[in-house]
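The values are calculated or read from the model by the stated rules, or taken from the named source; none is laboratory data. Being a predicted model, the structure only gives us computed values, none of them experimental. Here the Cβ positions follow ideal geometry from the backbone for every residue, glycine too, while neighbour counts run over all protein chains shown. Ligands, DNA and RNA are excluded from the accessible area calculation, which covers all protein heavy atoms including side chains. Shrake-Rupley method; radii C 1.70, N 1.55, O 1.52, S 1.80 Å.
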Amino acid sequence: MVNYNDRMAEVAKYQIRRFASVFLLITCMSLSSRVFAQDMSALVKVYADIDKAFASRSGEAVSAVLKTNVDSPSYELVENYTLKKTRQLIIRNDLEFAKETSLALIDNNVENYDAIDLYSYIDKALLGEEKKKQAAEEKLQREQARLAALNAKAKQQIESRGSYQTINTTSGKSVYVSEQEQSYSPLLWAIKLGIADVMYQMVTEPERYGSLKYGLAVGIDLFYPTENFVFGLEGLVDVHFLSLSGEQEFMISGRAIPKIAFSGLSKNLFLRAGFVAYPTLSEDTDTTHSITSFYTPAVGIGLENIDIGASKFGLHADYYLGHLMKDDLKAAAEFGASILLPLNVHERTKVGIELGASDVLFVKEEGIENRIKGIFAIGVGNVQK
């Protein structure tokens with residue numbers, strides 16, 4: 001019996017010691033987790049302070065955060081986080097600020113060899129950039145000096161020739177122009193002589209009649225461009241004095257057509273308004289049924305100076321309002337096109353061949369009269385450079 005009681009007492013003591021050990025372990029773990037939680041909360045706050053210092057781009061603020069926590073058990077973690085942020089600055093090529101933050105790490109811990117290596121790398125990179133910048137500046141200075149020397153030499157050559165003068169531009173700069181350039185005019189002109197002006201006249205009513213005529217022509221074209229407009233004038237006189245078939249008739253036509261283009265819309269699209277005359281010096285119109293002398297204002301539209309390679313192309317359509325004043329005419333109009341083929345271009349003038357075609361249409365009370373023309377002309381004009 002005694003032995004049993006002793007055994008039970010020993011068991012009870014064992015249970016008490018076991019319970020005490022478990023209780024002590026639980027108490028230690030609770031205290032440790034509370035301390036760990038406090039440490040983590042403090043570390044998160046330090047990280048936030050470092051983020052704020054980096055955001056403000058202040059090396060002094062980074063150094064202050066490090067100095068405040070230098071005695072903290074978690075200071076190694078704070079250093080590692082700061083190194084990580086510094087490496088990110090290097091990736092973004094923000095070397096100046098990265099140098100400040102790495103120096104802050106070294107100031108607070110001279111044995112932080114990672115920070116020392118990083119600072120050395122950044123310093124070499126900045127030195128390399130400075131050398132490149134200095135080399136680029138020296139190269140720019142040499143180029144500026146070379147250009148200044150060339151300009152001085154060119155100025156000396158220009159002044160020695162004596163045929164150049166200095167003018168001031170609208171921007172206030174002075175430029176040299178030659179005597180030829182000083183006499184430059186924006187006016188473009190061209191004169192043409194039609195050495196072969198062939199017209200086929202066809203009348204449908206009251207009797208069908210056809211006639212082929214030969215003549216000569218002379219014309220002039222002027223263009224004056226401004227900033228907002230292009231003004232133009234077209235003049236042409238042709239005389240058909242030789243009838244190759246049909247009755248002998250002496251026909252003259254002439255026109256003077258001022259025109260304007262709006263530069264903001266198109267420098268090639270012109271509105272036309274002028275005067276046209278078709279005097280007929282023939283006493284046999286009863287046989288030919290040609291329209292009698294006709295004088296009329298004209299309005300129309302045209303495309304001028306269209307570049308086709310080195311050639312210039314143009315076309316126009318004019319409506320003759322004078323038919324309203326003639327009882328035997330219902331309508332009258334002209335359609336024409338021409339192309340200038342340059343033969344020789346000099347410094348100030350050019351010579352070329354102009355080929356033109358036109359159709360004058362008279363719609364009469366009885367029938368239609370067509371005057372189809374083809375012109376071969378030699379032209380000369382100035383060159384605008």
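Mind ranking 195-208, 57-70 by how tightly packed they are, going by the mean number of other C-beta atoms within 10 angstrom, highest first?
Packing proxy ranking, top to bottom: 57-70, 195-208.
Could you give each residue of the stretch 294-303 its phi-based ³J(HN,Hα) in whole Hz, using Karplus coefficients 6.51, -1.76, 1.60 with θ = phi - 60°, and x for Gly or Pro?
Coupling constants for the stretch 294-303: 9, 10, 8, x, 9, 10, x, 9, x, 10 Hz.
Can you pull the one-decimal nm distance between simple spin-label points at residue 204 and residue 376, each 7 Å off the Cα toward Cβ?
3.1 nm
Just to verify a number: what accessible area does residue 237 come out at with the full protein assembly present, 1.4 Å probe, Å² rounded to tens?
Here the accessible area works out near 70 Å².
Report the gain in length on full extension from residue 244 to residue 349: 0.36 nm times residue separation, minus Cα-Cα distance, nm rounded to one decimal. Don't skip to the end; give the middle numbers.
Working: separation 105, 0.36 × 105 = 37.80 nm, distance 3.64 nm.
Between residue 244 and residue 349, full extension yields an extra 34.2 nm.
Go through 127, 321 and list them by solvent-accessible area, largest first, probe radius 1.4 Å. Could you put the intermediate results ahead of the total?
Details: 127 95, 321 65 Å².
Descending order: 127, 321.
How many angstrom lie between the Cα centre of the stretch 96-147 and the Cα centre of the stretch 40-90?
Result: 23 Å between the Cα centres.
For Cα pairs less than 8 Å apart in space and 6+ apart in sequence, what is the mean separation divided by the residue count of the stretch 283-385, i.e. the relative contact order in percent? Could the numbers behind the result be given before it?
Details: 212 pairs, mean separation 20.4, N = 103.
The normalised contact order for the stretch 283-385 reaches 20 percent.
Would you work out which of 297, 266, 236 lies farthest towards the positive end of the dipole of the stretch 234-297, given +1 charges on the beta-carbon of Lys and Arg and -1 on that of Asp and Glu, about the Cα centre?
Checking the options against the dipole of the stretch 234-297, the answer is 266.
Using a 1.4 Å probe on the protein chains only, how many percent of the accessible area of the stretch 245-311 belongs to carbon and sulfur?
Here carbon and sulfur together make up 62 percent of the probe-accessible area.
For residue 74 and residue 148, calculate 0.36 nm times their separation in residues minus their Cα-Cα distance, and state this gained length in nm to one decimal. Walk me through the intermediate numbers first.
On the way: separation 74, 0.36 × 74 = 26.64 nm, distance 6.37 nm.
Difference between extended and current length: 20.3 nm.
Given bins 10 angstrom wide, list per bin the percent of all Cα-Cα distances in the stretch 303-356, short to long.
Spelled out bin by bin, the stretch 303-356 gives 21, 33, 21, 16, 8, 0 percent.
What does the charge add up to near residue 332, with Lys and Arg as +1, Asp and Glu as -1, over the other residues with Cβ less than 14 Å from its Cβ?
Numbers: positive: 255, 326, 330, 364, 371; negative: 318, 327, 328, 334, 359, 365, 369.
Cβ neighbours under 14 Å give a net charge of -2.
Picking from 374, 346, 277, whose Cα lies most toward the positive end of the charge dipole for the stretch 265-385 (charges on Cβ: Lys, Arg +1; Asp, Glu -1)?
Of 374, 346, 277, it is 346.
For the stretch 272-372, run through the GluC sites (Glu not before Pro) and keep only the ones in DSSP coil with at most 14 other Cβ atoms within 10 Å of their Cβ.
In loop regions of the stretch 272-372 (DSSP not H, G, I, E or B), the sparsely surrounded GluC sites (Glu not before Pro) are 283, 347, 365, 366.
Just subtract the alpha-carbon distance of residue 313 and residue 333 from 0.36 nm times their residue separation and send over the number in nm, one decimal.
Length gained, residue 313 through residue 333: 5.1 nm.
Give the Cα extents of the stretch 253-385 along the principal axes, in whole Å, largest first.
Rounded to whole Å, the extents work out to 53, 34, 19 Å.
Kirkwood hydrodynamic radius (Cα pairs, Å) of the stretch 186-241?
Averaging 1/r across every pair of different Cα atoms and inverting gives 13.8 Å.
FRET efficiency for residue 266 and residue 129, Cβ-Cβ distance as r, R0 = 56 Å, nearest 0.05?
Efficiency, from the Cβ-Cβ distance: 0.60.
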